[in-house]
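K.L.:
I'd like to ask you about the structure that follows.
The values are calculated or read from the model by the stated rules, or taken from the named source; none is laboratory data. A quick note: this is a predicted structure, and the numbers were derived from the prediction, not measured. Positions of Cβ are backbone-derived with ideal geometry, glycine not excepted, and every protein chain shown enters the neighbour counts. Note: accessible area is taken over every heavy atom of the protein model, side chains too, but ligands, DNA and RNA are not part of it. Shrake-Rupley method; radii C 1.70, N 1.55, O 1.52, S 1.80 Å.
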Amino acid sequence: MRRVALIALLTMALCVLVPAPPVEAQSSTALYLLDLVNQFRAGYGLPPYNPDPALMAAAQAHSEWAASIGTHSHTGAGGSTPRDRAVAAGYGGGRAVRVSENIYWGTNATPESALEWWRNSPIHFRGLTSTQYVDIGVGAAYSSYGGFFTLLFGVVIGEEPPSSSGPSAPPAATRPVYRVEPIVVATPNPDGSVIHIVGEGQNLWDIAEAYDVPLSEVLALNRLREDAIIHPGDAIVIVPASVKTSSEPQGPLIHTVEAGQTLLGIALAYGIDLETLLALNDLETTSIIHPGDQLLIRPAEPTPTPQPSPLPTPSPTATVRPRPTAALPTPTVFSEEANGAASSGAGLGARQVLIGALVLVGLTGLLLIAAGVALKPPPPE
């Protein structure tokens, strides 16, 4: 037991004596990452973020702290939040601020891999392309655990607090303050549709959250992608209008678009595939429709070409075949043979036939005479 206890004490002592891994601050890497972020925003037509000294200091300190413990989190030293760290660093100068944060870390993490991961994550993509924030802080640090990166987005939304005593200090340089309109949930229209008109500083994520609908549903209804940029005045369909289908017994079927209707809703109402509807109207998956547009639902059926009536098939003419005539027996010709016995037998047979024929003729004549006598009327008396 003593040996086990001694080993345990030695292990604890070693753990206490082993220093934390050295952390190397990367100011040049942080500035490089800042350039990558602003180049990415320029690709979407957005203005660059303004590097704020207080946010830069807070983001760098958070990256160094994460590198020292080997993990990254939005909860920092002492349980601090991103806003806590920004305010503690002096951001806003006592005015109300709004702050958000992106973090990334990994054994082989680089600024390029950090940006690639952020751009493919909807919630982090929101920070990269936000129109609510104007300032940014960037931190980068390395240790034996890998690379640790922090983006701290901020905007000052409060007024300068009044000075309690003494002459007022000269006004500081004017800082841009972005106006964010609160999201007011729209009331349903008579047709049942709900349409939200985008205000200043509003984004798709906040709009979907305000209406308590999934962001994926809002994107699908409006044919938008996660990285789509919306502008003040855009109409966002939250609940599509019902589609009243029209019917035509013949000819092409045309649907007139009404406010609040979507391509998907129209296709479902008519029972056709969305791809078929797009193909019939030469539309793309990103096409936008407007009230009054006419969509082809069913093309006109081609008029059948009349076919000539077939001529009646003549009935086959019966061929009269001559009835075969019975062949007459070939008379037997008896010739005199040198053989006396054969000649005698043949001659005897012929004579018998001849005698029989004469007898038959004689009998026939007698019968005719008798018949004549019987039919002769009696002589008059």
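K.L.:
With label points built 7 Å along Cα→Cβ from the Cα atoms of residue 68 and residue 361, find their separation and express it in nm.
P.N.:
16.2
K.L.:
Using 1/(1 + (r/R0)^6) with R0 = 51 angstrom and r between the beta carbons of residue 294 and residue 46, what's the FRET efficiency to the nearest 0.05?
P.N.:
0.90
K.L.:
How large is the accessible surface per residue of region 50-120, computed with a 1.4 Å probe and reported in Å² as a whole number?
P.N.:
Per residue, region 50-120 has 46 Å² of solvent-accessible surface.
K.L.:
With a 10 Å radius around each residue's Cβ, average the other Cβ atoms per peptide and rank 81-88, 93-100, highest first.
P.N.:
Sorting 81-88, 93-100 by mean packing, highest first, produces 81-88, 93-100.
K.L.:
Roughly how many percent of the accessible protein surface of region 18-128 is carbon and sulfur, given a 1.4 Å probe and a whole-percent answer?
P.N.:
Roughly 57 percent of what the probe reaches on region 18-128 is carbon or sulfur.
K.L.:
Order of 192-203, 68-79 by packing, highest average Cβ count within 10 Å first?
P.N.:
Top of the packing list down: 192-203, 68-79.
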